[in-house]
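Engineer: Take this structure, written in structure tokens, and hold onto it; I'll ask about it next.
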Ligand code: BDP
């Protein structure tokens, strides 16, 4: 073959190849929008809890909208371990989704620690206004640096202390007590400032840790205290309400980036519904848990000197405050 002829021939082959390549890519895209999607989502709570039930609702909605093409399975009750591990799995793309407390997200995206400071929110309504507004959205977007797609927030009420020794009324009552905290150094600091000793222990190991005396108590909202039956081993519940830490549910960025825009939009839409659903379920569950605890005769005291707790934790807010100064000012300004 002459050189000129050879070149033309090569060019013709290349054109055909690119052409079919493009057709192939197009048909793949067409197939992928219709591709089945299996979402595995984890939670430390059992089914019947507001977070698990809201995610189940989300899954059912997605399934219906796509005629069964998207399917969501919940790995509940710590089947896949604690929240720290779950987040790691989601970051790696081994797990598509998880619902965790914002308490364990601070170590991934530092700014979330602004939500983890004691008495940073004035009330549940204040927290709602913050997470539903600009700040909440900004922080969700920031999760991408941690390989996560923030889908939304959920409610978890306020956290209060419980222990096996005595009712807590003032920070002095915490003196010498070992209290389990979520796995985030900020909570250990918080406990020291309040007079106790904070010990990070995974939620799934907490019952035994209290039973065997590794810790004297912990802190959580009424539904967690009740459903985990922690009252069996720590019978004093004191309504200090020192933390209002929302829950969060996230998707794996690695997996997200492989999804069609259509599926991403569907998941976003379903997430809004899941948030709404959880809030509704949360309110009912909180009341139900309190009623159950009272019926069981658990000693619940609300004669707590909250001002003393707010004052005692001021150094924690100051210490971390400098780091999140701008964010904290904005949070405070939210009505
Ligand atoms: C509960 C949260 C859960 C946390 C748990 C904890 O719903 O996400 O894992 O507290 O204290 O209130 O670890």
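The values are calculated or read from the model by the stated rules, or taken from the named source; none is laboratory data. Being a predicted model, the structure only gives us computed values, none of them experimental. Neighbour counts run over all protein chains shown; Cβ positions are idealised from the backbone, glycine included.
Engineer: Just to be sure, is residue 201 away from the ligand (no atom under 12 Å from the Cβ) and either more than 18 Å from residue 302 (Cβ to Cβ) or crowded, with 21+ Cβ neighbours inside 10 Å (or both)?
Structural biologist: Values: away from the ligand (no atom under 12 Å from the Cβ): no; either more than 18 Å from residue 302 (Cβ to Cβ) or crowded, with 21+ Cβ neighbours inside 10 Å (or both): yes.
Taking the combined requirement at face value, the residue does not satisfy it.
Engineer: Continuing with the same structure: Out of 150, 176, I need the residue that is at positive phi and either buried (at least 21 other Cβ atoms within 10 Å of the Cβ) or in the same structural domain as residue 315 (by TED's automatic domain parsing) (or both). Which one? Show your work before the answer.
Structural biologist: Working: 150 fails: at positive phi.
Result: 176 is the single residue among 150, 176 that is at positive phi and either buried (at least 21 other Cβ atoms within 10 Å of the Cβ) or in the same structural domain as residue 315 (by TED's automatic domain parsing) (or both).
Engineer: Oh, and also: Output the number of residues of the range 229-244 satisfying the condition of being surrounded by fewer than 23 Cβ atoms within 10 Å (Cβ to Cβ), touching a strand residue (DSSP E or B) at 6+ places or on another chain (Cβ under 8 Å) and in a loop (DSSP other than H, G, I, E, B).
Structural biologist: Total meeting the criteria: 1.
Engineer: Take residue 196 and tell me if it is away from the ligand (no atom under 13 Å from the Cβ), outside the structural domain of residue 61 (by TED's automatic domain parsing), more than 24 Å from residue 42 (Cα to Cα) and surrounded by fewer than 20 Cβ atoms within 10 Å (Cβ to Cβ).
Structural biologist: Details: away from the ligand (no atom under 13 Å from the Cβ): yes; outside the structural domain of residue 61 (by TED's automatic domain parsing): yes; more than 24 Å from residue 42 (Cα to Cα): yes; surrounded by fewer than 20 Cβ atoms within 10 Å (Cβ to Cβ): no.
It is false that residue 196 is away from the ligand (no atom under 13 Å from the Cβ), outside the structural domain of residue 61 (by TED's automatic domain parsing), more than 24 Å from residue 42 (Cα to Cα) and surrounded by fewer than 20 Cβ atoms within 10 Å (Cβ to Cβ).
Engineer: What number of residues within the range 245-288 satisfy the criterion of being within 21 Å of residue 109 (Cα to Cα), assigned to a loop (DSSP other than H, G, I, E, B) and away from the ligand (no atom under 16 Å from the Cβ)?
Structural biologist: Total meeting the criteria: 1.
Engineer: To continue, here is another question. Kindly indicate whether residue 212 is in contact with a helix residue (DSSP H, G or I) (Cβ under 7 Å, 6 or more places away or on another chain) and away from the ligand (no atom under 13 Å from the Cβ). So that I can check it myself, show each step before the final result.
Structural biologist: On the way: in contact with a helix residue (DSSP H, G or I) (Cβ under 7 Å, 6 or more places away or on another chain): no; away from the ligand (no atom under 13 Å from the Cβ): yes.
The answer is no for residue 212.
Engineer: So, one more: Just the residues that are in contact with a strand residue (DSSP E or B) (Cβ under 6 Å, 6 or more places away or on another chain) and in contact (Cβ under 8 Å) with a residue 40 or more places away in the chain, please, taken from the range 60-79.
Structural biologist: 62, 70
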